[in-house]
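All remarks here apply to the structure that follows.
The values are calculated or read from the model by the stated rules, or taken from the named source; none is laboratory data. In this text the structure is predicted, and so the values were computed from the model without any measurement. Here the Cβ is made from the backbone with ideal geometry for all residues, glycine too, and neighbour counts use every protein chain on show. Just so you know, the surface numbers come from the protein's heavy atoms only, side chains and all, with ligands and any DNA or RNA stripped out. Shrake-Rupley method; radii C 1.70, N 1.55, O 1.52, S 1.80 Å.
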Amino acid sequence: MTPREHDLLVIGSGPGGYVAAIRAAQLGLNTACVESEPALGGTCLRVGCIPSKAMLESSERFHEAAHAMAPHGVQVGSVSLDLPTMLKRKDEIVRGLTGGVDLLFKKNKVTRYAGRGRIVGPGRVVVESAEGAGGAPAAEIAAKHILIATGSRSADLPGVKPDGDRIGTSTEALAYAEVPKHLVVIGAGYIGLEMGSVWLRLGAKVTVLEYLDRILPGMDAEIAGEALRLLKRQGMEFRLGAKVTGAKTAKGRVVVSCEGQDPIEADRVLLAVGRVPNTEGLGLASVGIEPDARGRIPVDDRFQTSAPGIYAIGDVIGGAMLAHKASEEGVACVERIVTGYGHVNYDAIPGVVYTQPEIASVGRTEEELTTAGVAHRKGVFFFRGIGRSRALGQIDGRVKILADASTDRILGVHIIGARAGDLIAEAVAAIEFGASAEDIARISHAHPTLAEAVKEAALAVDGRPIHA
Ligand SMILES: Cc1cc2nc3c(=O)[nH]c(=O)nc-3n(C[C@H](O)[C@H](O)[C@H](O)COP(=O)(O)OP(=O)(O)OC[C@H]3O[C@@H](n4cnc5c(N)ncnc54)[C@H](O)[C@@H]3O)c2cc1C
């Protein structure tokens, strides 16, 4: 078979891969992308960010209609759940967006190959049928540059084997055909808390088991502590410091065992203990690439692997496993290949947890600054002091700004509260442009908006909030 030739072949069409492919095509590279799933868009569009947010939105509407309308003077009759319609809406959103990536590929003349990509030597990739190796390759490709963007999959936990039914990952939890009576979530990271929130709002009892003595590891501890309090108030149950040792299914029930604690029985278990990079069957050994101890592909600041001309971005390399981080890396990588310039500012990558209320952060946490011995000042403002929060009826939460003690430069912003995921954009811009807390304090913020809490927190860094 004569190899087809491209300037760039991207392996994987998630938010890292498809965005990189489109940017490369814009820059004039003859670009192709190989994807093993029938739909483009990766974890994010198919079984991650988008379907989870669709379910969070729908479940929030259900919960609001049932519980939050009366104080507004809105009387709602009996509220009932139509789960098949809710799931169908989510599937349609996914179909629309993954089909949209297909259209963008066509518009930008990115060639799509269907199947699994396997590197067979420098600049050479074979595409095999998605079912796996063995059969004749569907295509052989010669590419000047290869970009690995194969993403990640749910991590395993010894003794807890997903069976695609009673014990599953977030993929199954996005599509339960009925509301579980009791859902046990293993892992209190953002995926566990988001999916737990969906089913809690729809009527499940939800118990979260977490190995650590806190939730949301890696996030600012003060904010995570408040999140724990608010989630408990909603009825989510937590067992912290719980080491899960196994899960066994019998007669449609699952018994989850924890070291030194009573076993816990559920009808569904969601395993959400993190994600691991996808490198199996990629042919890395054929070009001498060795994943690190955590299975990630090591890269330099140009995203180049140890093999010349082979690059990697997104969940398959180190750093936060986030869609927008993968996209930024994809763009920076191909811009660097074509123009010689391209950069990602990792201090300005936000992270959002779409619970109710939302939690969002950018930059360094208070613990990180303290551990690193960075002298800093802290400004905190509570949403209950903001008129718009009162009007919304969502007064929980706070904005916390951490600024360098001598220069006042903003080093970290952490928000828990209504629409925190939107409010964090101002903080990201501030960090990106090297703003001081005083800069934010002096910017006019529309009244009445939730963003006024960001201004007040900036004023609080200097001890002069107006409404506290
Ligand atoms: C439930 C859930 C919710 C999430 N919510 C958010 C969120 O709200 N915000 C956020 O930023 N992030 C979220 N994430 C994380 C986000 O989905 C990932 O960080 C992001 O998708 C990573 O992008 P990527 O391009 O590196 O990889 P992926 O999106 O994983 O895409 C990799 C693609 O490569 C394909 N592939 C793998 N191997 C091969 C091969 N050999 N040949 C061909 N194709 C291959 C895979 O099929 C996949 O389509 C969520 C994840 C989950 C699971």
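Before moving on, here are some points about what is shown:
- From the options L240, L230, L193, L212, residue that is within 30 Å of P350 (Cα to Cα), buried (at least 23 other Cβ atoms within 10 Å of the Cβ) and touching a residue at least 24 places away in the same chain (Cβ under 8 Å): L193
- Among the conditions (1) near the ligand (Cβ under 10 Å from one of its atoms); (2) in a loop (DSSP other than H, G, I, E, B); (3) of a type outside the set (V, I, T); (4) surrounded by fewer than 21 Cβ atoms within 10 Å (Cβ to Cβ), G14 misses just one, which is (4).
- Each residue in segment 21-40 was checked for being within 9 Å of the ligand (Cβ to nearest atom) and either open to solvent by 10 Å² or more (accessible area, probe 1.4 Å) or in contact with a Leu (Cβ under 6 Å, 6 or more places away or on another chain) (or both), and 4 pass.
- Tally of residues being of a type outside the set (A, V, I, L, M, F, W, C), surrounded by fewer than 21 Cβ atoms within 10 Å (Cβ to Cβ) and in a strand (DSSP E or B) across segment 245-281: 8
- Screening segment 307-417 for helices (runs of 4 or more DSSP H) wholly inside it with 1 or more residues that are hydroxyl-bearing (S, T, Y) and within 13 Å of the ligand (Cβ to nearest atom) returns the ranges 323-339.
- If the condition is being among the β-branched types (V, I, T) and either under 22 Å from D213 (Cα atoms) or open to solvent by less than 20 Å² (accessible area, probe 1.4 Å) (or both), then segment 170-190 contributes V184, V185, I186.
- When restricted to residues that are surrounded by 20 or more Cβ atoms within 10 Å (Cβ to Cβ) and charged (D, E, K, R), segment 437-468 contains 3.
- Counting the residues of segment 146-178 that are farther than 15 Å from R268 by Cβ and more than 8 Å from the ligand (Cβ to nearest atom) gives 8.
- R302 being modelled with pLDDT of 95 or more, part of a strand (DSSP E or B) and among the charged types (D, E, K, R): no
- When I167 is tested against (1) at pLDDT 95 or above; (2) open to solvent by less than 20 Å² (accessible area, probe 1.4 Å); (3) in contact with a Phe, Trp or Tyr (Cβ under 7 Å, 6 or more places away or on another chain), exactly one condition is not met: (3).
- Scanning segment 56-85 for residues that are touching a helix residue (DSSP H, G or I) at 6+ places or on another chain (Cβ under 9 Å), hydrophobic (A, V, I, L, M, F, W, C) and in contact (Cβ under 8 Å) with a residue 40 or more places away in the chain yields a count of 3.
- Boolean, F303 is more than 16 Å from the chain's Cα centre (by Cα) and closer than 30 Å to W199 by Cβ: no
- Single match in A20, A68, A24 (criterion: at pLDDT below 95 and out of contact with any Lys or Arg (no Cβ under 9 Å at 6 or more places or on another chain)): A68
- Some residue of segment 225-239 being away from the ligand (no atom under 16 Å from the Cβ), of a type in the set (S, T, N, Q) and at pLDDT below 95: no
- The test for being under 20 Å from R124 (Cα atoms), buried (at least 18 other Cβ atoms within 10 Å of the Cβ) and touching a residue at least 24 places away in the same chain (Cβ under 8 Å) does not hold for G309.
- Here D91 clears all of (1) open to solvent by 100 Å² or more (accessible area, probe 1.4 Å); (2) not in a loop (DSSP other than H, G, I, E, B) except the condition numbered (1).
- Among residues that are free of Cβ contacts under 8 Å to residues at least 40 places away in the same chain and either open to solvent by 20 Å² or more (accessible area, probe 1.4 Å) or more than 10 Å from the ligand (Cβ to nearest atom) (or both), L284 is not included.
- Matching residues in segment 52-78 - criterion: being among the hydroxyl-bearing types (S, T, Y) and within 16 Å of the ligand (Cβ to nearest atom): S52, S58, S59
- Residues being in contact with a Pro (Cβ under 8 Å, 6 or more places away or on another chain), free of Cβ contacts under 8 Å to residues at least 60 places away in the same chain and open to solvent by less than 70 Å² (accessible area, probe 1.4 Å) - total across segment 359-416: 1
- Taking segment 422-431 as the range and being open to solvent by 20 Å² or more (accessible area, probe 1.4 Å) and either closer than 17 Å to T449 by Cβ or touching a Leu at 6+ places or on another chain (Cβ under 8 Å) (or both) as the test, the residues that pass are D422, L423, A425, E426, A429.
- Residue in segment 113-135 that is more than 30 Å from M1 (Cα to Cα) and open to solvent by less than 40 Å² (accessible area, probe 1.4 Å) present: no
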